[in-house]
Structure formats: C-alpha cells, structure tokens
Amino acid sequence: MFESTRKGYMIILFCTVIVMVVFSYIVQINFRQLSDLYFLNVKNDPAPVCEHVGYIPTESKTIDQQIAEIMTMINCTIPQKNTMFFNETTSAINSTAIILNDKPNYCVGDTLIVQVEMFNYLGRRKTYGGDFIQARIFSPKLGAGASGRIEDFKNGTYYIYFTLFWKGQVQISILLMHPSEGVSLLWKGRNMGYNYISYTGEFLNKNKKVHTECGFYLNSQNEKCKYVDRKYREVFYCIKLPEVPCDAFISLKSKNTPYTYLTNANKTLFSMSNIGIEIPKQVGSIDVLKCPNLKSFNTHNPGVHKSFIVFNLQNNIYIQSKKHGHPFVTLSFYSVKDHAYIANELDRLAGGSNTIVVLSVGQHFRPFPFPLFIKRLLNIRRAIESLFLRSPDTKVIIKSENTREIKPDVERFSDFHGYIQYLLVKDIFSGLNVGMVDAWDMTTAFGSRNVHPGEDIIKNQINLFLSYIC
C-alpha cells in the first residue's frame, strides 16, 4: 500500500514539473512577442470633471484661479488614455470616410457631410475620440479651398461638415495628424515643464559681456535675478552672476534643447511616417453646380416699392423684404395699406434661432431734421431689446447707409448728412448683440458715388452678412 502511494506521488510530481517547463516556455514566447510591439507609456490620469464648455473671466477670481479653471476646461477636451500598445492606436489607413448625403450633384451653398470611422492598426474599431484631424475641400484649378467643421462623438465616429462655397469639381482631404493617444502625450508633455527651450542672457560687466542661464523656471539653488512686470505680475529669471548687478541685463537669445518628455517608444508615434496621413475616401471629387434655387412669389401689389417674397423649398428658407415706414421718399406711388414702422415689425416677430433680421435705415431720412432720425433709431433699439428678451438667439444685423451721387442738391442729400447718420447708427446700437454691415466704409473704400451701389459692392455686403449667420 505504501509503495503504491509513493509511486502515484512520483507520477504527479513528474507531471507537475513537465507542466511548469511548458508554461515557462509559453510565457517566454509571449513575452518576446509583446516586446516586439511598440509600447506607449501614457499615464492613466483620472478624467476631469467638465462643468462647462465656455469660459467667462470674472474680476472676483484671482489670475491663478482663472488659469486653473481654463486648464480644467481644456483638459476636458483632451483624451485621457490608459497604457496601451502601438497597434491599438488610431490608424489612418485602416479608417474610413464616407459621404452621408451623397447625390450626383450639389449646389453652391449646400452642406456636404462626411462620416469618419476610426480603426486601430489591428483593424478594430476605436471606441473613443480625441483624434486630431484636419479636413478641407479644395479646387486646384480655381485656387480655392475651405476647411471643414469637425464633430467628435467620442466613440470613434466623426462628422465633418463642409459648406460648398463655389461651383466646379471639388476634392476632399481628411488627414489624421495625430491619433488620440498622441494628443494625450503631447498635452501631458507640453505641461510637464519648461525644458524645450533654453535662454541665454547677456549682461554687461563694465566693458565685458558675460552670459548666464535664463528662463521662466530655473531648477537651480544659485541666486537669481527676478524680473517682474509690476502691473501684470509676469515673471522671468536669470542666474545671477557674481559681482554683476541684475540691472546689467542687456540682451537675450534662445535655442531648442535636446530635452524630451517622451520615451523612445512614444516618439515612434510621432515619426514623419505617422503624421498627416490621408484617410481613405469612397469618392475622389464631387460636382458642385450654381443652382437657381430661390424662387420669387408674386404678391400682385402695385408699384415697384412693394414687399418682395422669395423662398427655397429644398432648404426650407423664406425671405421677405419690406420698406420701412414714413418717411419713404420716391416719385412713384406706393401702397400705404401695408405700412408699418420697423419697431412695429420687430414687435410682431416671435424670433428664434432660425430667424434672421436685417435692418437698414438712413437715405430717406436725410432731408428731415435729425431728431426724427434719432427718435426712430431709439425706438428700433427698444424693439430689438424686447426681441432679445423673448428670444435671445434671434440674429439681428444692421446695415448702415452708403455714399451716393455728388449733386448740386447738397442741402437735401449731401453725404455730410449721411455721415452723421452713419455715426449715430453705430453709436445708438452699440452694446447690443447685433452684427454690422458697414456699407459706408465699403462704398467709401470703393469710391462709389451711387445711391444704389454696383454689383461688386453688393456682393461684398452679402458675403459679410452671410459670415454673421453661417
């Protein structure tokens, strides 16, 4: 019985040794395979608490408190990545870009939407965002280009919105500049110290120039010269030279240092072969047409100074143009049945984020006493204030009056009157959240002498107007 038990024990021991040898061999193989991968040592910092997306400075907080809040706000947008292998980082080549609203032709002014899906080098879909992307549309023959607005869904999916500003063939370029893991490394490295640049200060010691180390932060126990801006408390330092006064500081130079906060493995992520890589797309170029997409609606009202209505059913756009109330100066008859002052028209508006109001008042007031014009402006301002109270996201844009012809009838229509009115408009509407199309400045710059400026000037005014709403 004893011999049988001993024999069984020896068999178990022998099998255990064999298993341990095999396991050790497997571990060594796996370790060698892992060591062949590039290893990124990204510190696993806890994600910051993001309370807001914008920042408004307040005088009640110290400058250090404001800096801390701004840094926290930016940190909320930076990927906070765990330690991982290179093959798990974003690969531009393995990622894809497709057009969501694909169609045979597009019109000028249309929005092109491209969806980007990010994958890593293993071909696995990324589950977080933060990649640094640069996107643009361009036409080499026209020398035209425009950037795209990028929306990060924080799950490896991005939408890129391009506004098609011109007609013709348009190409799309989407570059992965740095993967999210690289962004995290750059952010951490940037904020770890001041060692990327070294400064050398030059001091005049009697008739001899001497040099010392300077910078925003000096890791030295030596005595330092401290240079402080008295008002804004900006600080700069230099190592003090023996028997040389700090006031003898006369010049400064700087250079890039070989210092790095990245490990050799981390640097691989920033080799030139991994920066600015094009993400594959399904289409090489798109055709953009100058479509006639606004249609006029005939109101059948008499006269040339009637209300005008145009609409675009495709994009759900409705535009109405209407003359202001008395005084309106013209040789032809016009209907007074639809008469209303600008302030009245504003009071009738509900407003909203899809409502845009453009106001222009000036030329027709030139022959009348200034108090009439001033009162009208004050009433319009009051109506705008009320509009913003009930609907603060309504957009209001003021178009100033422009220069006009030089004629003998200066008493009635001189540009002197127009210039005073132009200044009054700027002054009375100041402080309101309104845009301003400075038609006076434009027509003066163009040397225009026409109450109805030429097409080039109108085009520039419209472009400026669109910049406020796009």
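For segment 372-470, the solvent-accessible area works out to 58 Å² per residue, with a probe of 1.4 Å and every protein chain left in place.
Quick check on segment 379-450: what are the equivalent-ellipsoid semi-axes from the Cα gyration tensor, as sqrt(5λ), descending, whole Å?
Semi-axes (√(5λ), whole Å): 29, 13, 8.
Among the listed pairs Lys103/Lys395; Lys154/Lys267; Lys154/Lys188; Lys167/Lys281, those whose Cα-Cα separation exceeds 23 Å are Lys103/Lys395; Lys154/Lys267.
The largest-to-smallest principal axis extents of the Cα set in segment 211-352 are 92, 52, 29 Å. Projecting the Cα atoms of Ile428, Val336, Pro371 onto the charge dipole of segment 334-453, computed from C-beta unit charges around the Cα centre, puts Val336 farthest toward the positive end.
Residues whose amide H lies under 5 Å from that of Thr394, counting only those 5 or more places away or on a different chain, are Gly352; hydrogens are built 1.01 Å from N in the peptide plane. Charged side chains reduced to their Cβ positions (Lys and Arg at +1, Asp and Glu at -1) give the chain a dipole of some 200 debye around its Cα centre.
Of the beta bridges in the chain, as assigned by DSSP with both residues counted there, near 85 percent are antiparallel.
May I ask you to list the trypsin sites (Lys or Arg not before Pro) in segment 79-184 that are in a DSSP loop and have at most 15 other Cβ atoms within 10 Å of their Cβ?
Values: sites: Lys81, Arg124, Arg125, Lys126, Arg136, Lys141, Arg149, Lys154, Lys167; in loops: Lys81, Arg124, Lys126, Lys141, Lys154, Lys167.
Listed in order of number, the matching sites are Arg124, Lys141, Lys154.
Model label points for Ile93 and Thr444, set 7 angstrom from Cα along the Cα-to-Cβ axis, are 5.9 nm apart.
If only the Cβ of Lys and Arg carry +1 and only the Cβ of Asp and Glu carry -1, the dipole of segment 332-412 around its Cα centre is close to 100 debye. Please compute P(r) over all alpha-carbon pairs of segment 272-331, binned at 10 Å starting from zero, and give each bin as a whole-number percent. P(r) over segment 272-331, rounded to whole percents: 15, 26, 20, 14, 11, 10, 5, 0. Segment 77-175 gives an Rg/Rh value of 1.04, both radii derived from C-alpha positions and Rh following Kirkwood. With the simple model of a label 7 Å out from the Cα in the direction of the Cβ, Asn222 to Asn298 spans 9.0 nm.
As a calculated quantity, the FRET efficiency between Ser254 and Val336 at R0 = 56 Å, using C-beta atoms, amounts to about 0.15. Distance between the pseudo-spin-label points of Phe370 and Ala144 (7 Å out from Cα toward the beta carbon): 4.5 nm. Farthest towards the positive end of the charge dipole of the chain, among the residues Phe153, Phe446, Ser400, is the Cα of Phe446, using unit charges on the Cβ of Lys, Arg, Asp and Glu. Measuring nothing but protein heavy atoms, the accessible surface of the chain at 1.4 Å probe radius is 58 percent carbon and sulfur. Summed over the residues of segment 225-321 and divided among them, the accessible surface reaches 74 Å² per residue at a probe radius of 1.4 Å.
About its Cα centre, the dipole of segment 208-341 is roughly 280 debye, where the only charges are +1 on Lys and Arg Cβ and -1 on Asp and Glu Cβ. Taking every alpha-carbon pair under 8 Å whose residues sit at least 6 apart, the chain reaches a relative contact order of 11 percent.
Across segment 280-290, computed HN-Hα scalar couplings (Karplus, 6.51 cos²θ - 1.76 cosθ + 1.60, θ = phi - 60°) run x, 10, 7, 10, x, 8, 10, 9, 10, 10, 8 Hz from first to last residue, x flagging Gly and Pro. Of His326, His178, the residue with the largest accessible area leads and the full order is His326, His178 (1.4 Å probe). Calculated over the chain, the projected area of the Cα convex hull averaged across directions stands at 44.2 nm².
Listed peptides 383-394, 406-417 appear in the order 383-394, 406-417 once ranked by packing, highest mean of other Cβ atoms within 10 Å at the front. Counting every alpha-carbon pair across segment 419-470, the share separated by more than 15 Å comes to 53%.
The values are calculated or read from the model by the stated rules, or taken from the named source; none is laboratory data. Quick caveat, the model's predicted, so the values are computed rather than measured. Using ideal geometry, Cβ is built from the backbone for each residue, glycine included, and neighbour counts are taken over all protein chains shown. Remember, those area values only see protein heavy atoms, side chains included, never the ligands or the DNA or RNA. Shrake-Rupley method; radii C 1.70, N 1.55, O 1.52, S 1.80 Å.
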